[in-house]
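Participant: Have a look at this one.
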């Protein structure tokens, strides 16, 4: 779990595992970008990538919005990238 943004990390993990059909394949790599923000690189099963991104990126945008709010609670900005 991320030490910089534990709430944002937990929310992101829960949202991604809820959307995909293979929740055990979800992994999140956390890195600090230095300017009081945290970057989350999310990897999911290749068959689930479409589910996480959604039509026209709507699911991904919603996930980024909710994780951003959780990050604000942690006092940091967040960036969420979905890696293939």
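Participant: Take segment 28-38 and flag every residue that is surrounded by 15 or more Cβ atoms within 10 Å (Cβ to Cβ) and either without any contact (Cβ under 8 Å) to a residue 40 or more places away in the chain or within 17 Å of residue 84 (Cβ to Cβ) (or both).
Facilitator: 28, 30 - these are the residues of segment 28-38 that are surrounded by 15 or more Cβ atoms within 10 Å (Cβ to Cβ) and either without any contact (Cβ under 8 Å) to a residue 40 or more places away in the chain or within 17 Å of residue 84 (Cβ to Cβ) (or both).
Participant: Of (1) touching a strand residue (DSSP E or B) at 6+ places or on another chain (Cβ under 9 Å); (2) at pLDDT 95 or above, residue 84 satisfies all except one. Which?
Facilitator: (2)
This table checks each residue for (1) assigned to a helix (DSSP H, G or I); (2) without any contact (Cβ under 8 Å) to a residue 60 or more places away in the chain; (3) in contact with a strand residue (DSSP E or B) (Cβ under 9 Å, 6 or more places away or on another chain); (4) surrounded by fewer than 19 Cβ atoms within 10 Å (Cβ to Cβ).
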site	(1), (2), (3), (4)
11	yes, yes, no, no
14	yes, yes, no, yes
17	yes, yes, no, yes
42	no, yes, yes, no
58	yes, yes, no, yes
62	yes, yes, no, yes
67	yes, yes, yes, no
79	no, yes, yes, yes
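Participant: Any chance you could count how many residues in segment 44-56 are buried (at least 17 other Cβ atoms within 10 Å of the Cβ) and either more than 14 Å from residue 13 (Cα to Cα) or touching a residue at least 40 places away in the same chain (Cβ under 8 Å) (or both)? I'd like the intermediate steps shown before the answer.
Facilitator: Start the filter on segment 44-56 by keeping residues that are buried (at least 17 other Cβ atoms within 10 Å of the Cβ), which leaves 44, 48, 52-53.
Now drop any that are not either more than 14 Å from residue 13 (Cα to Cα) or touching a residue at least 40 places away in the same chain (Cβ under 8 Å) (or both), which leaves 48, 53.
Summing the residues that are buried (at least 17 other Cβ atoms within 10 Å of the Cβ) and either more than 14 Å from residue 13 (Cα to Cα) or touching a residue at least 40 places away in the same chain (Cβ under 8 Å) (or both) in segment 44-56 gives 2.
The values are calculated or read from the model by the stated rules, or taken from the named source; none is laboratory data. What you see is a predicted model; the values in this text were computed from it and never measured. As a convention, Cβ positions derive from the backbone with ideal geometry for all residues, glycine included, and neighbour counts pool all protein chains shown.
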